[in-house]
Amino acid sequence: MEFFIKKIFEGNSDNLVHLQFQKFSRGVFKNRAMINAKNSKGRYSVSTTPEYANELVRAAAEVLGDKKTRVSGVVVSTKDLAGKLRFKEKKQFQGVKQYVMDEEMSGREIMKLCDDFPESFIALSFNAEGNELKIKAKAPKTGKPSAKGDETPKVDFCRLKTEDRKIINAMIFESQDFKEANVSHDFIIEEIEIPPGIEDPGEMRRLAKRRGKVIRKINIDGKEIVSEKNFVA
């Protein structure tokens, strides 16, 4: 169970990290991958911005395993997933498709959905062995480079209640022994490396690697920690 920010700081960038940055242009993107977390005697209440949605779905599904639970929400994609995905309703706006889901699924079925559609935004809500996950059933806003006067986004797109310290450690890896922790990141994209010989704009965007750094700002019970890590993804 690993989340993309932790992978970057441990130097373990992979294709899932690459997908997180696929839509970013050059520039400075402030207040990304934000987390607000509270700990009450080992029961954690966590709120995040949309970047963590797919990873939270996968993490909760891993805990669920072969057991089934009621799953609701949407899978958001620019691709036509009809015939590849079970869904209740399809909505579409400006080429973006939302596949509405409401059915019983096992943890393994949810993980397979994550594996089959890694480029999709998976916003599913369900309970899994003491984990209560709620994600807003809509597409996140497209990010733009930060400008002076930018407002801090609300940290409420994903909500998780859990006692699973592994999930918490994947997100707040400085410490689990806190009462309250708030995390934000600045993504600084300095270069975009496009593989040679590719002319299709869509393929350029899909395969291009972003080079830059992540500045991580965390406040744990009033103590501020700032760290940064260079990355290629």
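All of the numbers you see were taken from the coordinates with simple rules; none came from a lab. Predicted, not measured: the structure shown is a model, and the values here were computed from it. Here the Cβ is made from the backbone with ideal geometry for all residues, glycine too, and neighbour counts use every protein chain on show.
Would you mind checking the range 95-139 for residues with the amide N under 15 Å from a putative spin-label position 7 Å along Cα→C-beta of Ala82?
Residues passing the 15 Å test: 95-100.
Could you pull out every one of the lysines with an alpha carbon less than 16 Å from that of Lys141, ignoring same-chain neighbours closer than 8 positions?
Hits, sequence-local ones excluded: Lys23, Lys30, Lys97, Lys154.
List the extent of the Cα atoms of the chain along each of their three principal axes, largest first, rounded to whole Å.
On the principal axes, the chain reaches 50, 46, 33 Å in Cα extent.
Starting from the alpha-carbon convex hull of the range 93-221, give the projected area averaged over all orientations, in nm².
11.4 nm²
Sorted by packing (mean other beta-carbon atoms within 10 Å per residue), highest first, where do 218-228, 68-78 land?
Top of the packing list down: 68-78, 218-228.
In deg cm²/dmol, rounded to 500, what helix-only [θ] at 222 nm does the chain give when every DSSP H run of at least 4 residues adds -39500 (n - 2.57) and the total is split over its residues?
Calculated at 222 nm, the ellipticity per residue is -5500 deg cm²/dmol.
For a protection proxy built on the mean count of beta-carbon atoms within 10 angstrom, sort 44-53, 187-196, 116-125 highest first, please.
Per-residue mean Cβ counts within 10 Å order the peptides as 44-53, 116-125, 187-196.
What's the center-to-center distance, using Cα atoms, between the range 5-20 and the range 147-187 in Å?
When both Cα centres are located, 17 Å separates them.
Short version: what are the Cα gyration tensor semi-axes of the range 152-233, square root of 5 times each eigenvalue, largest first, in whole Å?
33, 15, 12
Over the range 1-116, what per residue volume does the convex hull of the Cα atoms give, in whole Å³?
For the range 1-116, the hull spanned by Cα atoms encloses 150 Å³ per residue.
Within 14 Å, Cβ to Cβ, of Asp115, how many net charges do the neighbouring residues add up to if Lys/Arg are +1 and Asp/Glu are -1?
Its environment carries a net charge of -2.
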